[in-house]
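The values are calculated or read from the model by the stated rules, or taken from the named source; none is laboratory data. Remember, it's a predicted structure, so these values are computed and weren't measured experimentally. Using ideal geometry, Cβ is built from the backbone for each residue, glycine included, and neighbour counts are taken over all protein chains shown. For the accessible areas, the whole protein counts, side chains as well, though only heavy atoms, and no ligand, DNA or RNA atoms are used. Shrake-Rupley method; radii C 1.70, N 1.55, O 1.52, S 1.80 Å.
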Amino acid sequence: MAKLKVAVVGLGGIGGVAAACLALSGRHDVIACARRSIDALTFDHHDESTRIPLTTLVDPVDATPVDWVLLCTKAQDTGSAAPWLERLCGPHTRVAVLQNGIGHQERVAPHAGEAAILPAIVYYNGERLAPDHMRLRHIRGHDLLVPASPLASDFAALFKDTPIDVGVSDAFVTFQWRKLLINVIANPVTALTRQRLGVFHRRDLHDLCLGILRETVAVGRAEGAELDADEAEKIFETLLGYPAEAGTSMYFDCLAGRPLEIEALNGAVVAAARKHGIATPLNGAMLALLKSVSDANAEAFSA
Ligand SMILES: NC(=O)c1ccc[n+]([C@@H]2O[C@H](COP(=O)([O-])OP(=O)(O)OC[C@H]3O[C@@H](n4cnc5c(N)ncnc54)[C@H](OP(=O)(O)O)[C@@H]3O)[C@@H](O)[C@H]2O)c1
């Protein structure tokens, strides 16, 4: 495969790990598009730590069209990353969106010109230990999952000979909703209670969590996800099996006073429910409460 130009927009846990893996393979020209200049990344994987030289741009004006863009900002930062997308996207560019939630195409297309867009489910854990220090942990099965499409095999080929395993699925929508189901309770409940995943062992939260999950299952089914009759209960069991001491990204963003990814999670459920005439009062409550927190954080953040 010929060397391709790959731009990674957003050098947090997910983008940092993706940029490190691609740069380490030496098979492509990797450019990181970030808000601060970094000339090398330390990449931790299993018991190894490697220092990898990296080319970083900090001003979109310096960017030119590339073969692939990996958009790795939080969903709420897609708008602020628009100047990057506008400079990096030409008619042959492909944009992979490594973000939680659904609606990747709708969120990114207005900023990507003629570029083709590929949504990706992120299963790996990417931890940013410092602005130039990332750790990759594999959680389960594939690290990334993309829908079966003409773009999918090219995307999987990008990560050949790297620690990131890319899966391709015909049942992408179902997997997307299964991931969303975890996120619509794990993120808001840990953020609102300011407690890590151990909080889900409180019996008095179970009815609320199952209520949010059942609403979300109904919406997911209406959107074409093939979810089981006991999907809500199974998802909740899965969540109870996660390490009690683990946090969620919304929990950490909440503690740090940053804007929150609530619109892409419970907000996406509420928006999809509206199309199908499905009532989602519990998702609506999570959305209203955390949007208030997020808006106040955003105001303080930009002050
Ligand atoms: N981390 C995980 O393990 C994990 C797992 C599954 C899914 N996800 C999802 O993956 C996505 C990325 O998550 P993450 O954990 O990597 O988030 P993150 O650590 O917050 O990183 C996002 C990065 O984007 C940068 N950014 C924001 N706006 C930008 C702009 N306009 N121009 C350039 N850079 C910009 C941020 O810069 P600053 O550093 O300057 O703020 C930050 O470095 C999210 O949708 C998340 O929910 C994450």
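The longest part of the chain holding none of the exposed loop GluC sites (Glu not before Pro), meaning those outside H, G, I, E and B in DSSP with at most 14 other Cβ atoms within 10 Å, is 1-113.
Under 5 Å between amide hydrogens, built in the peptide plane, is the criterion, and for residue 32 it picks out 8, 55, 56, 57 among residues at least 5 positions away or on other chains. When its C-alpha radius of gyration is set against 2.2 N^0.38 Å (N residues), the stretch 172-302 gives a value of 1.01.
Note on residue 137 and residue 229: with the Förster distance fixed at 22 Å, the Cβ-Cβ geometry gives a FRET efficiency of about 0.10. In whole Å and largest first, what semi-axes does the C-alpha gyration tensor of the stretch 5-169 yield when each eigenvalue is scaled by 5 and square-rooted? The equivalent ellipsoid of the stretch 5-169 has semi-axes of 22, 19, 14 Å. When the residues 258, 36 are ordered by accessible surface, computed with a 1.4 Å probe over the protein chains alone, the sequence from largest down reads 36, 258.
Residue 50 sits with roughly 40 Å² accessible to a 1.4 Å probe, with DNA, RNA and ligands left out of the calculation. Under 27 Å of direct C-alpha separation, and excluding same-chain neighbours fewer than eight residues apart, residue 3 reaches these lysines: 160. For the chain, adding -39500 (n - 2.57) for each run of n ≥ 4 DSSP H residues and dividing by the number of residues yields -12500 deg cm²/dmol at 222 nm. With all protein chains in place and a 1.4 Å probe, the accessible surface of the stretch 5-169 carries 50 percent carbon and sulfur. Relative contact order (percent) for the chain, with alpha-carbon contacts under 8 angstrom and 6 or more residues of separation? In percent, rounded to a whole number, it is 14.
Accessible area per residue for the chain, computed on protein heavy atoms with a 1.4 Å probe, is 44 Å².
Round to the nearest 10 and report in Å² the accessible area of residue 72, as given by a 1.4 Å probe over the protein chains' heavy atoms. Estimated to the nearest 10 Å², residue 72 gives 20 Å². Please find the FRET efficiency linking residue 47 to residue 203, where r is the Cβ-Cβ separation and R0 is fixed at 41 Å, and quote it to the nearest 0.05. Computed FRET efficiency for residue 47 and residue 203: 0.55. Surface calculation, 1.4 Å probe, protein heavy atoms: residue 251 sits at approximately 20 Å² accessible. For residue 179, a cut-off of 19 angstrom between C-alpha atoms picks up these lysines, skipping any fewer than 8 places away in its own chain: 74, 234.
Spatial offset of the stretch 142-182 relative to the stretch 244-303 amounts to 25 Å, using the alpha carbon center of each. Measuring max minus min along each principal axis, the C-alpha atoms of the chain give extents of 53, 40, 36 Å (largest first).
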